[in-house]
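Student: The structure that follows is given in the form of structure tokens.
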Amino acid sequence: MAQMTAPPRGRLSRRLVLAGGLAAAGGSAVGATGALRAADGPAKSVSLDMCTVSSIPDHSAAHGAMMTVGDVDYARNGFDPTAMLTDWETGSVSTLPDGRTLRTFEITAEDKEIEIAPGIIFPAWTYNGRVPGPTLRATEGDRLRIVFRNSGSHPHSMHFHGIHSARMDGIPGAGMVGPGEEFVYEFDARPFGCHLYHCHALPLKRHLHKGMYGAFIVDPDPARHPEHAEIASSRLLGSAENQHWQELVMVMNAFDTNFDGENEVYAANTVAHCYMKSPIRIVRSRPVRIYLVNVIEFDPINSFHLHANFFDYFDQGTTLTPTLKTVDLIIQCQAQRGILEFTYKDHETGLYMFHPHQSEFTELGWVGMFDVVEDVA
Ligand SMILES: [Cu+2]
């Protein structure tokens with residue numbers, strides 16, 4: 001909170017937004033929140049009331065906590081970042097005449113205001129009312145049918161990072177869906193890996209940063225990978241090998257709350273500091289696998305750093321052997337993603353931090369804790 005000089009009128013600095021969160025304790029964030037709520041468009045004049053953060057009595061305490069004050073109303077949002085970590089949408093499953101599995105997903109785009117930090121409301125565009133959208137999960141070789149309806153106010157699409165025909169690409173002229181319309185995307189689930197989908201309407205960066213993205217995970221089919229069948233099985237959702245793992249999905253995102261082309265709030269799975277306030281429980285003896293996706297706009301690079309430990313990394317998840325071994329930090333550019341694998345089995349129990357090594361992102365919300373616990377019966 002050292003930077004409390006007034007910014008140019010009409011422009012809200014990123015530091016001051018964090019200050020707004022911290023200032024909530026003093027009740028001075030209300031004016032700022034009101035301004036942010038109305039900011040769906042060109043940046044408007046923003047109240048400088050937040051500068052009263054300097055009146056927080058215990059200045060050093062504010063520095064030490066480095067967290068938002070207050071709670072986000074998850075019930076009102078309709079999604080909870082802790083539940084999102086393991087919320088796999090596997091669709092409705094049926095069998096095609098040729099014996100293959102058909103997975104059908106139903107996705108609806110809708111405009112929705114969401115709370116991304118205590119008192120900070122963002123006018124999002126969503127898939128199925130949540131940001132990130134549902135984590136779609138399939139098995140290599142499945143036939144996928146995605147019924148996409150647009151109940152939003154703007155044209156949207158679903159562009160999948162995967163292998164498919166031009167007609168199914170979700171770009172203008174191929175699967176772009178106007179308000180009130182519907183389109184069915186259909187293609188095979190391949191290659192296996194940790195992918196993503198997002199809207200590809202123009203202007204692209206606006207549709208992306210408004211919240212139109214989600215993880216798209218294709219599990220390897222062990223029968224197709226006899227040389228690494230056991231590893232492939234461990235990634236096949238629901239298999240005995242897979243159930244030993246603790247799998248989590250984290251979509252690293254950020255929000256430009258005043259539409260100045262920069263982000264003010266950063267997170268994994270949308271809510272600033274959510275995994276600081278609710279650490280992610282890890283059973284010590286079980287290995288951990290994170291499906292990590294970076295969808296931030298405006299900042300070219302994001303990263304993930306694990307404290308007190310190292311991990312193996314599978315860039316884009318398309319291999320069964322690591323592309324990086326024994327690292328404690330990886331970087332991801334926009335739309336890059338990958339799989340992290342690690343274990344705390346030889347560590348003492350306790351809280352272990354993770355965050356990007358862009359310190360500014362950490363200060364503005366993207367940081368969390370693993371709570372490593374003894375085995376539970
Ligand atoms: Cu869109």
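Laboratory data are not the source of any read-out in this text; all were calculated from the coordinates shown. Predicted, not measured: the structure shown is a model, and the values here were computed from it. In this analysis, Cβ positions are derived from the backbone assuming ideal geometry, glycine residues included, and neighbour counts consider all displayed protein chains.
Student: Residue by residue, what Karplus-based ³J(HN,Hα) values in Hz, rounded to whole numbers, does segment 77-82 have, using 6.51, -1.76 and 1.60 with θ = phi - 60° and x for Gly and Pro?
Tutor: Computed from phi, the couplings for segment 77-82 are 4, x, 8, 10, x, 5 Hz.
Student: Please turn the phi angles of segment 125-135 into ³J(HN,Hα) values with the Karplus equation 6.51 cos²θ - 1.76 cosθ + 1.60 (θ = phi - 60°), one per residue in order, whole Hz, x for glycine and proline.
Tutor: Couplings: 10, 10, 9, 6, x, 9, 10, x, x, x, 7 Hz.
Student: Need the list of aspartates and glutamates near Lys112 for cross-linking: C-alpha distance under 16 angstrom, and skip anything on the same chain fewer than eight residues off.
Tutor: Leaving aside aspartates and glutamates fewer than 8 places away in the same chain, those within reach of Lys112 are Asp40, Asp73, Asp80, Asp256.
Student: Under the rule of at least 5 residues apart or a separate chain, name every residue whose amide H is placed under 5 Å from the amide H of Ile330.
Tutor: Close amide H contacts, sequence-distant or interchain: Phe304.
Student: List the residues whose amide H sits under 5 Å from the amide H of Thr270, counting only those 5 or more places along or on another chain, with H placed 1.01 Å from N in the peptide plane.
Tutor: Asn253
Student: Let me ask another. Which order, highest average first, do 301-308, 252-259 follow once you tally other Cβ atoms within 10 Å for each residue and take the mean per peptide?
Tutor: The peptides rank, most packed first, as 252-259, 301-308.
Student: Sticking with this one: Alpha carbon centre of segment 260-276 versus segment 95-170: separation in Å?
Tutor: 22 Å
Student: Which order do the peptides 287-297, 331-341 come out in when sorted by mean C-beta neighbours inside 10 angstrom, highest first?
Tutor: Descending mean neighbour count gives 287-297, 331-341.
Student: From the phi angles alone, apply the Karplus equation (6.51, -1.76, 1.60; θ = phi - 60°) to segment 242-252 and give each ³J(HN,Hα) in whole Hz, x where the residue is Gly or Pro.
Tutor: Per residue, the Karplus-derived 3J(HN,Hα) values read 5, 5, 6, 8, 9, 9, 9, 10, 10, 9, 7 Hz.
Student: So, one more: Relative contact order, percent, of segment 246-377 when contacts are C-alpha pairs under 8 Å separated by at least 6 residues?
Tutor: Averaging sequence separation for qualifying contacts and normalising by length gives 32 percent for segment 246-377.
Student: Counting other beta carbons within 10 Å of each Cβ, put Thr318, Thr139 in order, fewest first.
Tutor: Fewest-to-most ranking of Thr318, Thr139: Thr318, Thr139.
Student: Once you have a ≥ b ≥ c as the square roots of the Cα gyration tensor eigenvalues for segment 284-377, tell me rounded if a/c is under 1.5, and otherwise prolate or oblate according to whether a/b is larger than b/c.
Tutor: Note, shape of segment 284-377 comes out oblate.
Student: Under 5 Å between amide H atoms, partner at least 5 residues away or on a different chain: which partners does Thr108 have, H built in plane at 1.01 Å?
Tutor: Counting only residues 5 or more places away or on other chains, the set is Asn128, Arg149.
Student: Using a 10 Å cut-off on Cβ atoms, rank the peptides 103-109, 85-91 from the highest mean neighbour count down.
Tutor: 103-109, 85-91
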